[in-house]
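See below for the structure under consideration.
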Amino acid sequence: MKTHHPFSAEVALDPYPYYAWLREQDPVHYVEDLDFYVVSRYEDVHAVLKNPTVFSSHAGMGLLMGSGAPGKLREFMRARNPNGLGALGYETLSSMRTLISSDPPDHTRLRRLVNKPFTPKAIMSIAPRIRQICEELVDDLIRANEEGKADLIEHFAVPLPVIVIAEMLGIPADRRAEFKRWSDNVVGVLSGTVLDTEKMTQSSVEMFMYFSKVLEERRQAPGEDLISHLIRNSEEGDCLRTEEVIMFCVLLLIAGNETTTNLLANAALAFFARPELWRELRRTPSLVPAAVEEVLRFDSPVQGLFRATTSEVELHGKKLRAGVPVMVLFGAANRDPLQFPEPDTFHLDRNLTDHLAFGAGIHLCLGAPLARLEAKIAGEVLLARTRKMEPNGEHARIDSFLLRGLNRLPVRFEPACP
C-alpha cells in the first residue's frame, strides 16, 4: 500500500494499515519534511523505551509543548500551538520538571515523590468508591436511555475518570464541569490537536490560578488528598517549586482523563463489532481483566509518544544522528505479528503481560493501575446492569494523531432486571 504521513487525517482515522506497511517495509521510517523518525516494530519500540540515556524524553516529549529538540518538528508543533500552554511560555515549560518530559536524575526524584498514591495497593483502596461512581453513572445512563439520548462517552466514559481524579486531588464536586472544560481545551498541547488558542489560553490561566489557590489552602490545612501529599513531600526536602506541583496536577488531570475515557470508548467499539464476545463476558465476568488488557493492546488509547536521540545510534540497521526526534508507535508495536500471533484478531484468552499500551521502562505510565481498575469495574457494572447494548447512531473520533478514542458514541440498551 501507499505510505502516509504520520500526521495526516487518513492515518488518524484508521492507522492500522499504515502501521502494517511501516512494520513490513520501513520499520525505522524517516519523515523527510519534518526531519524525524517513526519506529513501529515491537522490538525496536521496546528498545527505545528501555534506553532513556540515548532516547531522551526531555528533548522528545518537550516537542508537544513547543520546546524539546530544535528542528523542523519543533517548529511544526509551535505553529500548531503558537502560545505554548497559554499561561506559560516555552522557556518556562522547557525548564519545568514533569514526569512525562524529564530524564534521570530529575525523573527519578519526581517518580519517587509522586509514586506512593499510585501503587497498586493504594489504588485498590479506592475500588469501592470507583464502583459507587460507576453505579451512579449507569443510573444517569439509564435515564438518558429512556429518553433516547444515551451517549456512552458523555454519560459514562467522560465523567468517570474526571470524578475519580478530582476526588484524588481533593477538588469539590461543583468544580468538575470546569475540570472537564479545562482538560478538553488544553489536551491539544499533548495530543497534537489544533485548538482555539483563546480558549486554550483562558483554560490554562484558570487552571493555574485555581491550583495556586488550592495549594495555599492545603498548606494552611493539609488533608489526605494527593495535593497535600505533594506539599508534604516538598516540605520534607524535595525541591519541587509551586508551579511544578501545579504542572503535575494539570498533567494528571489531562492524562488521567484521556487515557481512561479512550480505553472505555475503544472497548465499546471492539465489543459492538464482536457481540459474541460481549455475550461471553456476560457468561464469564472473570474474563473482564483479560478483556481490558486485550483492548489496550488491540486499540491503544495512546498510540505513540516522542523521544529524541542524545547521541548517534543505530536502530534496525539505520544510523540516527544525535538530536533527531523519534516517534515511538505503541499502537503499531501492539499489532506486531512477531510478538502477538494473529495481532489483528481480538482474543479474550491472550493472558497478556507484554503489551506496550502504557509504555515501558522508567516512563511506564504512573496511572496504569488506576486506568486498569477503572476499566475493570466499569466493565463489571455495565455487564451487570445493561442488556443488548448497541450503537444508536454514528460515533465521532477525537481529533488527534497521538490519542485514539471517541467524543461521541450514542447507544441504546435494555436495563437489566433489578
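Quick note: the coordinates plus some simple rules give every number you see, no bench work behind them. Everything quoted here is computed from the prediction, not taken from an experiment. Cβ sites come from the backbone with ideal geometry, for glycine too, and all protein chains shown count toward neighbours.
Please give the net charge around Asp140, taking every other residue with its beta carbon less than 14 angstrom from that of Asp140, where Lys and Arg add +1 and Asp and Glu add -1.
With Lys, Arg at +1 and Asp, Glu at -1, the neighbours total -3.
Checking understanding here: applying a Kyte-Doolittle mean of at least -0.5 and a length along the axis of at least 30 Å (C-alpha), which whole DSSP H helices in the chain pass?
Helices meeting the span and hydropathy rule in the chain are 242-272.
Note down the nm distance, to one decimal, between modelled labels 7 Å out along Cα→Cβ at Glu276 and at Arg219.
Spacing of the two 7 Å Cα→Cβ label points: 6.2 nm.
Output the relative contact order of the chain, whole-number percent, from Cα pairs under 8 angstrom with separation of 6+ residues.
For the chain, the relative contact order is 25 percent.
With loop defined by DSSP as not H, G, I, E or B, and exposure as at most 11 other Cβ atoms within 10 Å, which is the longest segment of the chain clear of exposed trypsin sites (Lys or Arg not before Pro)?
The segment 3-320 is the longest one with no such site.
So if I restrict to the alpha-carbon atoms in region 287-418, what is the Rg, and what is Dmax, the biggest pairwise distance, in Å?
18.2, 63
What is the local net charge at Arg307, summed over the other residues whose Cβ is closer than 12 Å to its Cβ (Lys, Arg +1; Asp, Glu -1)?
-1
Quick one: what Rg and Dmax do you get for the chain from the alpha carbons, in Å?
Gyration radius and largest Cα-Cα distance of the chain: 20.9, 63 Å.
Can you spot the lysines whose alpha carbon is less than 20 Å from Lys180's alpha carbon? Ignore those fewer than 8 places along the same chain.
Lys199, Lys213
At 222 nm, what value in deg cm²/dmol follows for the chain if DSSP H runs of at least 4 each add -39500 (n - 2.57) and the sum is divided by all its residues, to the nearest 500?
Mean residue ellipticity at 222 nm (helix-derived): -15000 deg cm²/dmol.
Need the C-alpha centroid separation for region 317-375 versus region 117-134, integer Å.
Centre-to-centre distance over Cα atoms comes out at 25 Å.
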